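Written below as structure tokens is the structure these notes are about.
The values are calculated or read from the model by the stated rules, or taken from the named source; none is laboratory data. Since this is a predicted model, take the numbers as computed values, not measurements. Here the Cβ is made from the backbone with ideal geometry for all residues, glycine too, and neighbour counts use every protein chain on show.
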Amino acid sequence: MANTALVAEHTARTLYDHLPLLQVLVPFCAAPLIVLLGSRRLAWPLAFVSSAVALIISVMLMMSVREGGYISYTMGGWSPPLGIEYRIDTVNAYVLMLISAIGTVVLPFAYVSVKDEILSKNHSLFYACWMLCLTGLLGMVATGDAFNVFVFLEISSLSTYVLVAQGAARDRRALTAAYDYLIMGTIGATFFVIGLGMLYMATGTLNMADLADRIADQGANRTVRSGFAFIVVGLGLKVAMFPLHLWLPKAYTFAPSAVTVFLSATATKAALYVLMRFIFSVYHPDFSFTTNALEIIFLPLAIIAMFSASFIAAFQINFKRMLAYSSIAQVGYMLLGIAILTETGLTAALLHMFNHGLAKALLFMGVGALVLRTGGAFYTQISGLGRKMPLTCGAIVVGGLSLIGVPGTAGFLSKWLLVQAALERVSENSLFLLVSIAIVLSSLLAVVYVWRVFEVLYLREPNPDSTATEAPLMMLIPMWILAGSCLWFGLSTDFLYDIANQAALGLLDGSMGMLDSNKTLGVE
Amino acid sequence: MIFHHLILRVVTKLLVGTIILFALYVQFHGDFSPGGGFQAGVIMAVAFILYGIVFSLESVKKVFPEWLVHKILALGVLIYACTGIATMLLGYDFLDYDAFAPLHPTHGQHWGLLAIEFGVGVTVTGVMVAIYYAFAGRPPSLPDEDW
């Protein structure tokens, strides 16, 4: 073999080296496999097994980047910045863990709920879409390539529209909700990709680390700035940042219960992660326009969201819709944490992302269980069920308390940190005193809307002709797993706090740049 | 039995085979001449769409039933992914085709590309035909209970 001398020595990769890729690949392969098998009976087990594998992988990734540093994985042997790179650091791994954990926990719940709410001929395609959605969310978090983020964003969005529209079997309004979401989501994705186009024009690269290096080298110019504006608006739509949130209440209200649970805990969070990645890693907060955007745009909008959405939530008469509005308010807290722009603030935002994911998933599961037994989530339909469905309603109470931020639940920690972060900056700018007061006041609004649910469930008389019984075990187990973790992370705070803090530090450090990664790849 | 459009029907029957052949040419010659999986898939789908337009939707669905279209859609994606998995199992990066011929990477790249382009072609054929079926199979107006 004359060629042998020309071929470089190759060290075989082990499966362990492939973890960043497998994180995305496993759920991805499940989707076409489900369609190919086309079996209603096999769809759910396949989806569940691959989500569980994704969860295990994300925990393994978390273990290896917990202390900082990152793993770089390249596709097809093309080294970055030319090739596509997956780059896992503490922030990524943290969000990956949230998404895959929720994805896995929701599936047993979905098994019962989907059977009840979706036409049986659509079941296998439903789970295929579900896996695609999971793939998209995991992919946009795992990847280190800006354009790849867009591709995965579209994968997750397109499948989300289909999933939301599946609610049409129960309520036709799901179709218009999905259509609205499609229009808004597409505009968001378009803005995002226009922003990326501008960045590409200005720098000639799409790898995030490389982008960061080059933007830092050449400084800000108009193209880079307008790219930033487009990216922020585009992702703002996906995050449901306050004035861009209009798709959210409808989509969450009319989507099938299981889909709402999944989306509320993952979709906006993944988009929020990408937003943070762009603000902190690609664009550095040292740029005055980044800081200005955070202080002049994010901060006031976050506070308006906290109040107005909570206020609207307090007047809802439908449990599911109320929770949807509450989600907008909670996104406000996360954006506020980012806008405060300190280590504590970011830690609070990241923690709140996780804690809110747990609590909201739990509450939406509660709604799903009530819907299964009563056929609707209007307060008149679910009144007095506290006595008939004690375990379901008990879990809802835990979730509600965590949503308010009562001490002893996970929600307390993140809100407490958020107040602390705001107070830390009072010495620079006394307006932050108002911000911290606003956090506390808007939490009081949360008390109002959560209390209304408690009152409906426990203090009102049940419908005399209601035949509701306790939810099935397949629903109760995931609900209580989440309720347990809400309590566990509220009492034993170190584990999550350490990770979130490490992640916040990683974000504030900015990008680790391209040069460093060449070392890990063995490229001279 | 349909008696009108005799010329169209005869020409279509003649063309369909040629179109499929050309699609296969574009598919497997994509590495030396312009073309590849996407173009080949579209051309392949054109054969079925043309047949459907001239001979009615029902007859094309007899040749290429809807369930098969859906399976093919997924199959192509799996072919693509499995090529990547194969390179992984051979100890290389995902989709690093050097794995197929470590001593002669150019050949490896060649084979790998053929494999994934085949996957692309299969999926694109499926997607295009599925889109055609979806549009052509739409009822002229929606019945009230479908709203």
Notebook entry, point to check: Applying the selection to the stretch A:152-169, what residues are more than 14 Å from every other protein chain (Cβ to nearest Cβ) and surrounded by fewer than 19 Cβ atoms within 10 Å (Cβ to Cβ)?
Noted result: A:E154
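Quick grid of which residues meet (1) closer than 22 Å to A:V35 by Cβ; (2) surrounded by 17 or more Cβ atoms within 10 Å (Cβ to Cβ); (3) at pLDDT below 95:
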site	(1), (2), (3)
B:W67	yes, no, yes
B:L89	no, no, yes
B:F100	no, yes, yes
B:H107	no, no, yes
B:E117	yes, yes, yes
B:P139	no, no, yes
B:D146	no, no, yes
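For (1) part of a helix (DSSP H, G or I); (2) in contact with a Leu (Cβ under 8 Å, 6 or more places away or on another chain); (3) closer than 25 Å to B:A134 by Cβ, each residue gets a yes or a no:
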{"site": "B:V11", "(1), (2), (3)": "yes, no, no"}
{"site": "B:G17", "(1), (2), (3)": "yes, no, no"}
{"site": "B:A23", "(1), (2), (3)": "yes, no, yes"}
{"site": "B:S33", "(1), (2), (3)": "no, no, no"}
{"site": "B:G76", "(1), (2), (3)": "yes, no, yes"}
{"site": "B:Y80", "(1), (2), (3)": "yes, no, yes"}
{"site": "B:L95", "(1), (2), (3)": "no, no, no"}
{"site": "B:H107", "(1), (2), (3)": "yes, no, no"}
Note to self: Please pick out the residue among A:L132, A:L175 that is surrounded by fewer than 23 Cβ atoms within 10 Å (Cβ to Cβ), within 13 Å of chain B (Cβ to nearest Cβ) and aliphatic (A, V, I, L, M).
What the structure shows: A:L175
Notebook entry, point to check: Taking into account only those residues within the stretch A:350-375 that are in contact (Cβ under 8 Å) with a residue 40 or more places away in the chain and small (G, A, S), which is surrounded by the fewest Cβ atoms within 10 Å (Cβ to Cβ)?
Noted result: A:G357
Next item on the list: Select, from A:G76, A:G83, the only residue that is within 14 Å of chain B (Cβ to nearest Cβ), over 20 Å from the mean Cα position of the chain (by Cα), assigned to a loop (DSSP other than H, G, I, E, B) and farther than 30 Å from A:L37 by Cα.
Entry: A:G83
Next item on the list: Give A:G376, A:G394, A:G411 a once-over and let me know the one that is out of contact with any Ser or Thr (no Cβ under 7 Å at 6 or more places or on another chain) and assigned to a helix (DSSP H, G or I).
Entry: A:G394
Next item on the list: Scan the stretch B:99-137 for residues that are among the hydroxyl-bearing types (S, T, Y) and within 14 Å of another protein chain (Cβ to nearest Cβ) and report the count.
Entry: 2
Notebook entry, point to check: Out of all the residues in the stretch A:30-47, is one or more more than 12 Å from chain B (Cβ to nearest Cβ), closer than 22 Å to B:Y92 by Cβ and in a helix (DSSP H, G or I)?
Noted result: no
Checklist line | Number of positions in the stretch A:283-330 that are within 19 Å of the chain's Cα centre (by Cα) and small (G, A, S) | finding: 7
Check: Hey, among A:L441, A:L482, A:L476, A:L487, which residue is part of a helix (DSSP H, G or I), over 17 Å from A:A361 (Cα atoms) and among the hydrophobic types (A, V, I, L, M, F, W, C)?
Finding: A:L441
Note to self: Restricting to the stretch A:453-493, and then to whatever is more than 22 Å from the chain's Cα centre (by Cα) and closer than 18 Å to A:V406 by Cα, can you tell me which residue is modelled with the lowest pLDDT?
What the structure shows: A:S492
Next item on the list: Taking A:L25 as the residue in question, decide whether it is at the interface with chain B (Cβ under 10 Å from one of its Cβ atoms), without any contact (Cβ under 8 Å) to a residue 12 or more places away in the chain and surrounded by 21 or more Cβ atoms within 10 Å (Cβ to Cβ).
Entry: yes
Item checked: Top-ranked residue in the stretch A:395-417 [being within 12 Å of A:A446 (Cα to Cα) and among the β-branched types (V, I, T); ranked as surrounded by the fewest Cβ atoms within 10 Å (Cβ to Cβ)] -> A:V406
Check: Of the residues B:A74, B:A86, which is free of Cβ contacts under 8 Å to residues at least 60 places away in the same chain, of a type in the set (A, V, I, L, M) and more than 27 Å from B:L21 (Cα to Cα)?
Finding: B:A86
Notebook entry, point to check: Limited to the stretch B:55-65, what total is found for residues that are loosely packed, with under 14 Cβ neighbours inside 10 Å and either in contact with a His (Cβ under 6 Å, 6 or more places away or on another chain) or not in a helix (DSSP H, G or I) (or both)?
Noted result: 2
Next item on the list: Just need a number here: residues in the stretch A:449-487 that are under 30 Å from A:L336 (Cβ atoms) and exposed (fewer than 15 other Cβ atoms within 10 Å of the Cβ).
Entry: 3
Checklist line | Options B:G41, B:G52: the member that is of a type in the set (G, A, S), more than 18 Å from B:F118 (Cβ to Cβ), touching a residue at least 24 places away in the same chain (Cβ under 8 Å) and part of a helix (DSSP H, G or I) | finding: B:G52
Check: So, in the stretch B:63-98, of the ones that are β-branched (V, I, T) and more than 7 Å from chain A (Cβ to nearest Cβ), which residue ends up farthest from B:L114 (Cα to Cα)?
Finding: B:V63
Check: Right, A:D116: touching a residue at least 40 places away in the same chain (Cβ under 8 Å) and surrounded by fewer than 24 Cβ atoms within 10 Å (Cβ to Cβ) or not?
Finding: yes
Checklist line | Listing of helices (runs of 4 or more DSSP H) fully contained in the stretch A:187-301 that carry 3 or more residues being in contact with a Pro (Cβ under 6 Å, 6 or more places away or on another chain) and acidic (D, E) | finding: none
